[in-house]
């Protein structure tokens, strides 16, 4: 597969004037100056895609900003396509005889034709994306998650449309591409939206950070935290070799891990979260994870357990100082936890969901939980 990719890239470089005559000037510069793999990446076209001309024909689009690495090891971040082309053009003019070329560093994000995002962490990921572009894709390629319709699609001109099915979604995108073959930008799915995981659970995606976490969880074949529990920030990340870094939220955590992976592609060990740390369970309560054994036990308990109930919002949250505040969403509950821990770093007490609060049972019934005893009875009945 890799040989096919490289052959295609070399062919594209020699036939730039023929293949990309209708593309933008920046793309022509990149076809001339970039190596084969980055040419394919930037233009978003896989092998065996003859007849593709405009941006609407791409299998995927690069999501900026990205980091460009030069042959001497220096790097620079570019914010958009124009800046990208200018950086390459400037480097080429200063290094006309160079045999090596600048390259885009892993990891980076690409947006697929259906509007979803994928994280590319290495050449194998890129090969998978390119192979998925083929007319006869591998039947064993399975999605990490599937959209739950309806969803709202936002177009570059800020207009929106609702898609009630996969076919309707594809029709919307294709109609827009046909009408806007040379448009900058691309349609996106408006947050929040729901996705169905391979294990049958459904989670709400609130941000790009959620999308990236889903993709990482899928690729690493590990439990995706949100349906069962999630980490309460800040936490300390321990890197192979012993270096530590405190991160304030999940976005910072993912950024730190991605940067480390990019700088250490050949290291088999992975960064870990330093014990102990707090996690928030799906009923709004918190637990302390002191070691790997406790973490695995928590994950194991989470897997087979039926979804007994879901906390309903708005929900009352009691702070350790006795104050009761209201969380209007899971994200707001997380922010309350994070803010308290940030301001009371040495406190062993944490906010918790106060009584009474409402939960939705498996059969869809919403009940009011007035005490810890009632909550335990609900859990006991659920577990049988």
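We did not get these values from a lab; they are worked out from the coordinates using the rules stated. What you are looking at is a predicted structure, and each value in this text was computed from that prediction instead of being measured. Methodologically, a virtual Cβ is constructed for each residue, glycine included, from the backbone with ideal geometry; neighbour enumeration extends over all protein chains shown.
Stretch residue 157-residue 174 to full length: gain in nm at 0.36 nm per residue minus the Cα-Cα span? Please list the in-between numbers first.
Values: separation 17, 0.36 × 17 = 6.12 nm, distance 1.60 nm.
This chain segment gains 4.5 nm when fully extended.
Residue 82 versus residue 263, label points 7 Å from Cα toward the beta carbon: distance in nm?
Result for the modelled spin labels: 3.2 nm.
I need the calculated FRET efficiency for the pair residue 326 and residue 191, taking r as the beta carbon distance and R₀ as 22 Å, to the nearest 0.05. Don't skip to the answer; put the middle values down first.
Numbers: r = 22 Å, r/R0 = 1.01.
So the FRET efficiency works out to roughly 0.50.
Please compute the contact order of region 306-383 in relative form: average sequence separation of alpha-carbon pairs under 8 Å and at least six residues apart, divided by the residue count, as a percent.
Contact order relative to length: 35 percent.
Spin-label point model (7 Å from Cα, Cβ direction): what's the residue 164 to residue 378 distance in nm?
Distance between the two pseudo-spin positions: 3.3 nm.
Once label points are set 7 Å from the Cα along Cα→Cβ at both residue 95 and residue 149, what is their separation, rounded to one decimal in nm?
Output for this residue pair reads 4.8 nm.
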